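Below you'll find the structure, written out as C-alpha cells, and then a few comments.
The values are calculated or read from the model by the stated rules, or taken from the named source; none is laboratory data. This structure is a prediction, so every number in the text was calculated from the model and none was measured. Counting neighbours? That spans all protein chains shown, and the Cβs are built from the backbone with ideal geometry, glycine included.
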Amino acid sequence: MSRILPTVCAAPLVFSVLACSTATIEPGHRALVFAPDRGGLQREVLMPGVYHLHAGDRIEDFDVTYARRELPVRATTRDGAPLEADITVVYRPIMSELYQLETEEGPGYYERVIAPELLGASRDVLEHTSKDEDLARTSKLDASLEAAARRATKGKHVEIAQIVVEKVEVAP
C-alpha cells in the first residue's frame, strides 16, 4: 500500500505537467495568448521570456522592432507630368496596442493598413508637387510624406517612424 500511494499522488502532477507547454518570447518581440478556455485572445502583452501555457493555448507573436519596406508609387504632378517614386517606410506596431491591432486588423497588417494608407497619402502629396520646384527638395518631400502617412495611419495601432523618398523619376 505504501508504494501505491506515492504513485497515485504523483499521477495528477504528471498529467498537469503533460497538459502544459512552454513558449519563449524572444527579445524584440511581444506576444498575446489565445486561450480558448478563457474567452479567446487575452489582453495582457507578454514581454520577452519563457511562459507556461495551458493545454490548447497558443501564442500570437509580434515583431516589435522597426521594419523597413519599399513601396513604388505612381502619380501625376500638379502640372500634369507623370512620375514614379520609390518610397521606403520604417514602421512597427505600437506595443501597448497589440490587442487592438490583432482584433481590428489581424495578421498581415502591413498589407491591409500601412501599404494602402501610405500609397494614398503619398499620391496625395506627390500630386500637389511641381516637377520643377518641389521635387528637387527631397528632404521637404520626405517630411511632407511622413506627416501625411502618420495622419493616415493614426488610430491604426502602428507607428510610422520614417518615410524616405529613395528615387523620383519625372517624365519629361
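The listed residues are Glu111, Glu166, Glu146, and the only one of them that is of a type in the set (Asp, Glu) and in contact with an Asp or Glu (Cβ under 9 Å, 6 or more places away or on another chain) turns out to be Glu166.
Per-residue answers, yes or no, for (1) of a type in the set (Lys, Arg); (2) modelled with pLDDT of 95 or more; (3) more than 29 Å from Arg151 (Cβ to Cβ); (4) in a helix (DSSP H, G or I):
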| position | (1), (2), (3), (4) |
| --- | --- |
| Asp37 | no, no, yes, yes |
| Arg43 | yes, yes, no, no |
| Arg69 | yes, yes, no, no |
| Thr88 | no, yes, no, no |
| Gln100 | no, yes, no, yes |
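Looking only at residues of region 117-140 that are closer than 27 Å to Leu101 by Cβ and not acidic (Asp, Glu), we find that the one that is surrounded by the most Cβ atoms within 10 Å (Cβ to Cβ) is Ser122. Listed by first and then second residue, the pairs linking a residue in region 52-73 that is more than 23 Å from Thr103 (Cβ to Cβ) to a residue that is assigned to a loop (DSSP other than H, G, I, E, B), with Cβ atoms under 6 Å apart and 6 or more places separating them unless they lie on different chains, are His52/Cys20; Ala55/Ala19. With respect to the conditions (1) within 27 Å of Thr24 (Cα to Cα); (2) surrounded by 14 or more Cβ atoms within 10 Å (Cβ to Cβ), Gly108 lacks only one, and its number is (2). For Tyr91, state whether it is crowded, with 18+ Cβ neighbours inside 10 Å and either out of contact with any Asp or Glu (no Cβ under 7 Å at 6 or more places or on another chain) or in contact (Cβ under 8 Å) with a residue 12 or more places away in the chain (or both). Answer is yes for this residue.
Screening the candidates Ala81, Ala143, Ala85, Ala161 for the property of being farther than 30 Å from Cys20 by Cβ, outside the structural domain of Arg43 (by TED's automatic domain parsing), of a type in the set (A, V, I, L, M, F, W, C) and crowded, with 17+ Cβ neighbours inside 10 Å yields one hit, Ala85. Could you go through region 93-107 and let me know if any residue there is out of contact with any Ser or Thr (no Cβ under 7 Å at 6 or more places or on another chain) and among the β-branched types (Val, Ile, Thr). Checked against the condition, which is being out of contact with any Ser or Thr (no Cβ under 7 Å at 6 or more places or on another chain) and among the β-branched types (Val, Ile, Thr), region 93-107 yields at least one hit. Would you say Pro72 is farther than 21 Å from Arg30 by Cα and either among the hydroxyl-bearing types (Ser, Thr, Tyr) or over 12 Å from the mean Cα position of the chain (by Cα) (or both)? Yes, satisfied.
In the condition set (1) in a strand (DSSP E or B); (2) of a type in the set (D, E, K, R); (3) free of Cβ contacts under 8 Å to residues at least 24 places away in the same chain, Lys140 is compliant with all but (1). Selection of first residues in region 18-40 that are assigned by TED's automatic domain parsing to the domain that holds His52 and at positive phi and of second residues that are surrounded by fewer than 11 Cβ atoms within 10 Å (Cβ to Cβ) and not charged (D, E, K, R), restricted to Cβ pairs under 7 Å at least 6 apart or on distinct chains, gives the following pairs, ordered by first then second residue: Gly28/Thr65.
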